[in-house]
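S.K.: Below you will find the structure I want to go over with you.
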Amino acid sequence: MDKIKHTITAFIQYVRRNIFSFAVLLFVPLWYFLVAPYLLMIPSDFTYKADMVSVDNFYDASIGEFGAEQYSKTDFSYEVVSYAGFIFTIKNIFHVASLDGKTIFRAEPLYGINALNGQHVRGAGDRDRDGYLFAPRWLKGGSSFTYWHASNNTPSQMKYVGEETLYGLKVFKYQKSNIEPTDQTELMGFLPGVPETRGVKLSSDLFMWIEPISGHVVKMEDFSIDYFYFDIKTGERSLPYNQFLNTYTDESVRAHVQMAEQERNKIIFFQFGVPFLLLLLVLFMLMYIRQVTMVKNFWRENWIALIIFIVSIAITFVVYYLFEANAEKEKQSHFATEVAEISANIQKQMEIYVNTLRGTGGLFAASQTVSRDEWRAYLTAIKVFKNYPGIQGLGFAQIVSSDEKDAFIASMRKEGLPDFVITPEGERSAYTPILYVEPPTEMDRRSIGFDMSTEKTRRSAMASASASGEASISGRVMLMQQEGAGMKAGFVAYAPVHWGDVASGSVSRQPESVFGYVFSVIDAAELVRGSQAFKSADITFRIYDGLRMLPERLMFDASEGVEGWASDLTFRTTVTMYVADHPWTIEFTNAPLLPNGRTYAVLRYLIVVVGLLMSFALFGVIYVTARSKKQAIAYAENANSDLVTNIAELENTKKAVLNILDDVESEKENLAKVSRRLALATESAQIGVWEWDITKDKISWNDQMYALYAMSKEESERTFEAWQKRLHPDDKKLRDDAIQAALRGEKEFNMQFRIIWPSGETHYIQDHALVERDGDGKAIKMVGVNWDITKESIVDREKTEFVSLASHQLKTPVGAIQWNLEMLLDGDYGEMPDNQKEILRETYSLNTRINELIHALLNVSRIEMGVFIVEPTPTDFVAVCNEVLKEMEGRIAQKGHQMITHFDAQLPIIPADAKLLRVVFQNFISNAVKYTQDNGRITVVLHADGGNVIFSVSNNGEPIPEGEQSQIFQKMFRASNAQKQDVDGTGLGLYVVKQIVENAGGKIWFTSKVGEDTVFACLFPLSGMIAKRGTKKLD
């Protein structure tokens, strides 16, 4: 009895001594069961939204079959509308509407949800429900759950299908297991006859992709199995209603992958991370107090070794986990990169083929009486079948009304087709027979006269092309191969041909103006093989027509013939691409092999082995050190007496040293104050400071530079070449040229350029630097500053894009006004009184100035967006200059100018963009004519000098004011005296010319002094202008 009492008393004393540790230990279960669930509950402002693509195929009772697929938009969202305690009322909106806004289906159920676990609560919401709002957390493979989907408002029993990877995230795929029909009459009351005489029932299938830890729905897809009307009185089935598919867009899937990752990490941290840290804290406190009874003496002597051993073991497994995570991330990145590249190649190839069809359609729009020989000659000339092997045939089909049918057949027989008939036979309101098709194979000859509108898939594509006025492609069609070769998957692309005259601009784009279709029959497999989509050896894909991955929709299978492919699939994802507004779904799968995969496997185990060995080695070293602790203390005590003897001498030495250190410290503090002020200034202004030691090729950055370039100090190689790697590829040479010019002393270094962050974001940087030189004038160092001007650049670019759009939109109507004014003045619409003609002339002059301003603004916007093209071809500079002078003869004679020319007769033919060269010549000469007083003198010179061709224009007009000369090439600037002479100038000409010259590798300058001629000049190297890629030409 006394022994028990003693044990209890000892335990109570032990608890008292460690009361804080036990308090923390008791808090761990409280955290796990109470605090963590509260922190992880559904928030009161919870929302969930996803963009869905919907495809509907409604039954057409008039023809007794389903029509063509049509796409619609779906609003799918959840939001909290009210709450009482932990019971939330959440509205689920599921609204499917056609593109013109007509409701196809709408449901807005209200769910009563327990915010702590996401389960439905009976007695809450608009009806009693079981199951979950989405899915439970911590799902395990093979588990199931109940989900309520708004499309049928009945419980869906979700059954585990398997594990997949979506954009690098591992998810569980679930399928609805109960598919019996549900009555939707109440929801579909907007349909004719519902619910008075008939009702609607639906059997649908549902797939969900769930992140298993968080229960977050990453992707959802539901489609009809059976959707039909039934008689209200008898309950008998009458007619089908619709075949539909709803699925998340790729953008929504990517967004929900990110959200699921964030939720998963949050759950893991709160439910396991925090309790683990609390337990570590308790263990550390108990060890630190050194009151563990059974190992008390051992602990007192070796507690440091034990702590280091535990920490090193923990570090080993953390490093192992990080290594595994990095390897997995690299696999995911490798897979995502391959998917993006293959998708882009296929998309590009598809667009090339469709654009080829648009080009052939132009032949009919230009001349609506294209003969069969002209069609064959045109296709032979552009080498369609050689350049685009996927195109199996190109042809033309004409729309023929029922009234025109007999006459049309007769005309075709007269044209050399004596057996021509329209097939299949039968009376229809209109026909679309094939007139001719190339190449003229036997199978293609048999297709002459076939009415393509009788086949649903082709009819849908033609209707889409007619409605949009643009090219359209069909769904999957099976193409006949050579005799005995079977069928293969493909599609047909259509481009509508309209009545009208392209040259006069009078082509109508209305559906009723379509008189036929140019079409191409395309082999899907050949198209894909020509797209360079097979560069990766460890990835395969299947392409499906539309949004559903069904065997009957398979267009192409890259895995055919690959043995054992499906044995170890690690990644799987789908991508939806649109060509001519028609979707293709690509399913990607692979068993990715990392570069140096065996090395990774060895390193993974090596980390564990080395980590454990080092942990035991550290423990052994510290343990041995601790055992000799007493001997070390004894030795220190003996040595202490000797130290006392020398203290006096050390004190004297110490005082002398301290005096010196005080002086040094004083200077050090002054320097530190200056450094702190500079650092504070640069940090507050977000200015990066850099220094480049040219002789050693070493870069020094302050902290702000690392922030500007999204780099850490550890990853920086601190060389000029490493710095250049962050630059945008298109800006590297420009920056390098500017730096070299500054090192040569030609001009100050001050420029803007773009950099690319590791995340892919583009930032704009302003860079300004000075060059430090030695006694011989050699550059030895550059010191500069950087600051981020991304926001300013974006605003400026948006402004430029707005100007470009506005100018482009004004260009056509202003041109039409110009044309009509010319016709009025030329008398094309009849004669008019002279006073009216004078008003028209003034209007014509004003419209001309507006047109010139629009063209100038378009040029400026294309320059500032960097999209204008420089296309050098062999050019005769003298001939171009003479053409410009001839165009201006009238204006020169009107002002009575003396025009003097000096052209180098030996000037060679030089590669240049003739159109841009004309802009330069026109601007220099036009300005000289405009701003020189009447009866002035103008000299135009064109000659070769030292490897360059120089063009200059001089005049004896009034000089440019000296204080304004520095602004002469700026946008929208006009000298004050120029504004007095000509009030209608735009101030854009010289700015445009400067950009053209410098982007083409040339230089531009001018001189203007009182008493001397004003000279504007530019030069280009005799090697020619530098080519520049872009998308727009300057007007």
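The values are calculated or read from the model by the stated rules, or taken from the named source; none is laboratory data. Quantities reported herein were computed from a predicted structural model and do not represent experimental measurements. Note that each Cβ is placed from the backbone with ideal geometry, even for glycine, and that neighbours are counted across all protein chains shown.
S.K.: State the number of residues belonging to region 483-538 that are closer than 24 Å to Leu363 by Cβ, modelled with pLDDT under 85 and among the hydroxyl-bearing types (Ser, Thr, Tyr).
M.R.: 4
S.K.: Quick check: is even one residue across region 434-444 crowded, with 17+ Cβ neighbours inside 10 Å, within 24 Å of Val370 (Cα to Cα) and modelled with pLDDT of 90 or more?
M.R.: The answer is yes, given that some residue of region 434-444 is crowded, with 17+ Cβ neighbours inside 10 Å, within 24 Å of Val370 (Cα to Cα) and modelled with pLDDT of 90 or more.
S.K.: Go over the candidates Ala397, Ala381, Ala410 one by one and state the one that is without any contact (Cβ under 8 Å) to a residue 12 or more places away in the chain, within 43 Å of the chain's Cα centre (by Cα) and over 24 Å from Val528 (Cα atoms).
M.R.: Checking each option against the conditions leaves just Ala381.
S.K.: Related question: Can you spot a residue in region 365-375 that is of a type in the set (D, E, K, R), under 23 Å from the mean Cα position of the chain (by Cα), loosely packed, with under 15 Cβ neighbours inside 10 Å and part of a helix (DSSP H, G or I)?
M.R.: No: region 365-375 contains no residue that is of a type in the set (D, E, K, R), under 23 Å from the mean Cα position of the chain (by Cα), loosely packed, with under 15 Cβ neighbours inside 10 Å and part of a helix (DSSP H, G or I).
S.K.: Only one of Pro418, Pro389 is in the same structural domain as Arg446 (by TED's automatic domain parsing), in contact (Cβ under 8 Å) with a residue 60 or more places away in the chain and assigned to a loop (DSSP other than H, G, I, E, B). Can you tell me which?
M.R.: Criteria check complete, one pass: Pro389.
S.K.: Then there is this: I need a count of the residues in region 156-208 that are under 19 Å from Asp222 (Cα atoms) and among the aromatic types (Phe, Trp, Tyr).
M.R.: 4
S.K.: Sticking with this structure for a sec: Residues in region 1000-1020 that are of a type in the set (Val, Ile, Thr) and surrounded by 16 or more Cβ atoms within 10 Å (Cβ to Cβ): how many?
M.R.: Result for region 1000-1020: 3.
S.K.: Separate question: For Lys233, all conditions in the list (1) more than 30 Å from Lys176 (Cα to Cα); (2) modelled with pLDDT under 75; (3) not in a helix (DSSP H, G or I) hold save one; what is the number of the exception?
M.R.: (2)
S.K.: Restricting region 911-956 to residues that are under 46 Å from the mean Cα position of the chain (by Cα), in a helix (DSSP H, G or I) and hydrophobic (A, V, I, L, M, F, W, C), which is surrounded by the most Cβ atoms within 10 Å (Cβ to Cβ)?
M.R.: Phe924
S.K.: Sticking with this structure for a sec: Name the pairs whose Cβ atoms lie under 7 Å apart, with the first residue in region 257-283 and in contact (Cβ under 8 Å) with a residue 12 or more places away in the chain and closer than 30 Å to Met220 by Cα, the second of a type in the set (Phe, Trp, Tyr) and surrounded by 16 or more Cβ atoms within 10 Å (Cβ to Cβ), and 6 or more positions between them or separate chains?
M.R.: Matching pairs, first to second residue: Val257/Tyr167; Gln271/Tyr32.
S.K.: Moving on. In region 697-731, what count of residues is obtained for those that are under 19 Å from Ser759 (Cα atoms), outside any loop (DSSP other than H, G, I, E, B), at pLDDT 80 or above and not hydrophobic (A, V, I, L, M, F, W, C)?
M.R.: The number of residues fulfilling the criteria is 5.
S.K.: Inside region 539-569, can you point out the residues that are modelled with pLDDT under 70 and in contact with a strand residue (DSSP E or B) (Cβ under 7 Å, 6 or more places away or on another chain)?
M.R.: Within region 539-569, Val562, Trp565, Leu569 meet the criteria.
S.K.: Residues to consider are Ala769, Ala742; find the one that is out of contact with any helix residue (DSSP H, G or I) (no Cβ under 6 Å at 6 or more places or on another chain), assigned to a strand (DSSP E or B), surrounded by 18 or more Cβ atoms within 10 Å (Cβ to Cβ) and modelled with pLDDT of 85 or more.
M.R.: Matching residue, one of Ala769, Ala742: Ala769.
Residue by residue, here is whether (1) closer than 30 Å to Phe94 by Cβ; (2) modelled with pLDDT under 65; (3) buried (at least 16 other Cβ atoms within 10 Å of the Cβ); (4) of a type outside the set (Phe, Trp, Tyr) holds:
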site	(1), (2), (3), (4)
Tyr14	no, yes, no, no
Phe20	no, yes, no, no
Ala23	no, no, no, yes
Leu26	no, no, no, yes
Tyr32	no, no, yes, no
Met41	yes, no, yes, yes
Thr47	yes, no, no, yes
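S.K.: Further question: Lys140 versus (1) surrounded by 14 or more Cβ atoms within 10 Å (Cβ to Cβ); (2) closer than 13 Å to Pro212 by Cβ; (3) more than 33 Å from the chain's Cα centre (by Cα): which is the lone unmet condition?
M.R.: If we test Lys140 against (1) surrounded by 14 or more Cβ atoms within 10 Å (Cβ to Cβ); (2) closer than 13 Å to Pro212 by Cβ; (3) more than 33 Å from the chain's Cα centre (by Cα), just (1) comes out false.
S.K.: Go through the residues of region 400-415 one by one and say whether even a single one is modelled with pLDDT under 85 and out of contact with any Phe, Trp or Tyr (no Cβ under 9 Å at 6 or more places or on another chain).
M.R.: Yes, some residue in region 400-415 is modelled with pLDDT under 85 and out of contact with any Phe, Trp or Tyr (no Cβ under 9 Å at 6 or more places or on another chain).
S.K.: While we're looking at this one, here's another question. Looking at Leu202, Leu191, which is the one that is assigned to a loop (DSSP other than H, G, I, E, B) and assigned by TED's automatic domain parsing to the domain that holds Ile232?
M.R.: From the options Leu202, Leu191, the qualifying one is Leu191.
For every residue, the table says whether it meets (1) of a type in the set (A, V, I, L, M, F, W, C); (2) in a helix (DSSP H, G or I); (3) at pLDDT below 70.
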position: Asn847; (1), (2), (3): no, yes, yes
position: Leu853; (1), (2), (3): yes, yes, yes
position: Leu857; (1), (2), (3): yes, yes, yes
position: Ser861; (1), (2), (3): no, yes, yes
position: Pro874; (1), (2), (3): no, no, no
position: Leu885; (1), (2), (3): yes, yes, no
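S.K.: Would it be correct to say that Glu263 is part of a strand (DSSP E or B) and under 28 Å from the mean Cα position of the chain (by Cα)?
M.R.: Criteria not met by Glu263.
S.K.: Moving on. Please count how many residues of region 392-415 are surrounded by 14 or more Cβ atoms within 10 Å (Cβ to Cβ) and in a loop (DSSP other than H, G, I, E, B).
M.R.: Qualifying residue count, region 392-415: 2.
S.K.: When you check Val953 against the structure, is it modelled with pLDDT of 85 or more and among the β-branched types (Val, Ile, Thr), yes or no?
M.R.: yes
S.K.: Filter region 455-482 for residues that are more than 28 Å from Leu550 (Cα to Cα) and not polar (S, T, N, Q); which is modelled with the lowest pLDDT?
M.R.: It comes out as Ala467.
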